[in-house]
Amino acid sequence: MDNKSYQDHFFKKAKDRGYRSRSAFKLIELNKKFKFLKNGTKLLDLGSFPGGWCQVAKENVKNGKILGVDKKEVTEIKGIKFIIGDFLQEKSKISILKYFNTNIDVILSDMASNTTGNKNLDAIRTNELCLSVINFSLQLLNKKGVLISKIFMGEDFEEIKKTAKKNFKKINFYKPDSSRSESRETYIHCSGLST
Ligand SMILES: C[S@@+](CC[C@H](N)C(=O)[O-])C[C@H]1O[C@@H](n2cnc3c(N)ncnc32)[C@H](O)[C@@H]1O
């Protein structure tokens with residue numbers, strides 16, 4: 001599928017199903033593959049605007065606790081709490097820890113830095129976010145917890161893989177069909193803390 005047909009196909013599909021973003025289908029595919037959205041799940045969604053992943057999480061998690069965090073304000077979704085803030089700032093991390101006040105089951109990050117026009121720089125910035133999420137997850141996830149984060153293929157990819165391998169028992173990479181083939185984006189799935 002060329003880029004334009006891809007955009008049109010997933011735009012229409014998202015509109016038909018009432019999802020706020022085409023990205024919603026990436027989470028549907030990720031969950032089909034790794035099966036982490038369950039009843040009772042405590043879940044953090046980083047980079048939640050406009051809310052597509054939160055919509056999918058809510059459909060699949062009953063009696064859980066879901067928190068979305070983004071620099072941008074997300075329009076309300078019943079039953080989900082949102083915090084507006086920059087994840088890289090310490091005060092956002094403190095607010096997240098305070099909100100859950102216990103270890104959680106799933107951390108998702110679809111955060112992507114603003115595009116600059118320089119693909120290498122964009123990849124480096126988004127991967128910095130991914131690394132920061134991995135480091136933060138050590139404070140928040142429970143022992144059997146799952147972390148899924150967007151990551152770009154780039155020169156720092158190996159470093160992130162190494163950090164993930166050091167801290168988690170199992171790691172996988174998965175690129176959903178709904179992620180454009182020409183995009184360097186893929187997702188890292190980490191499960192079970194090593195320590
Ligand atoms: C691809 S969009 C996420 C789409 C979302 N998963 C959905 O389905 O609706 C990436 C988001 O990451 C957010 N973001 C980027 N850097 C961030 C940061 N440092 N802290 C919080 N959010 C950030 C952006 O504001 C943007 O809304």
Quiz item: Of the residues that sit in the stretch 171-195 and are over 15 Å from ILE107 (Cβ atoms) and not in a loop (DSSP other than H, G, I, E, B), which one is most open to solvent (accessible area, probe 1.4 Å)?
Solution: PHE173
Exercise. Considering only the stretch 80-101, state which residues are on the phi < 0 side of the Ramachandran plot and open to solvent by 60 Å² or more (accessible area, probe 1.4 Å).
Key: LYS81, ILE84, LEU88, GLN89, GLU90, LYS91, ILE94, LYS98, TYR99
Self-check item: Criterion (closer than 22 Å to TYR187 by Cα, more than 15 Å from the ligand (Cβ to nearest atom) and touching a Phe, Trp or Tyr at 6+ places or on another chain (Cβ under 9 Å)) met by exactly one of PHE25, PHE34
Solution: PHE34
Quiz item: Of the residues that sit in the stretch 21-79 and are assigned to a helix (DSSP H, G or I) and β-branched (Val, Ile, Thr), which one is least open to solvent (accessible area, probe 1.4 Å)?
Solution: VAL56
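What residue, of ASP105, ASP110, ASP86, is away from the ligand (no atom under 11 Å from the Cβ), modelled with pLDDT of 95 or more and not hydroxyl-bearing (Ser, Thr, Tyr)?
The unique qualifying residue is ASP105.
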Quiz item: Which of the residues spanning the stretch 6-33 are out of contact with any helix residue (DSSP H, G or I) (no Cβ under 7 Å at 6 or more places or on another chain) and of a type in the set (Ser, Thr, Tyr)?
Solution: TYR6
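The values are calculated or read from the model by the stated rules, or taken from the named source; none is laboratory data. Note that the structure is a prediction, hence the values are computed from the model and not measured. Here Cβ is always computed from backbone atoms with ideal geometry, including for glycine, and neighbour counts include all displayed protein chains. Ligands, DNA and RNA are stripped out before the accessible areas are found, and what is left, the full protein with its side chains, is counted by its heavy atoms. Shrake-Rupley method; radii C 1.70, N 1.55, O 1.52, S 1.80 Å.
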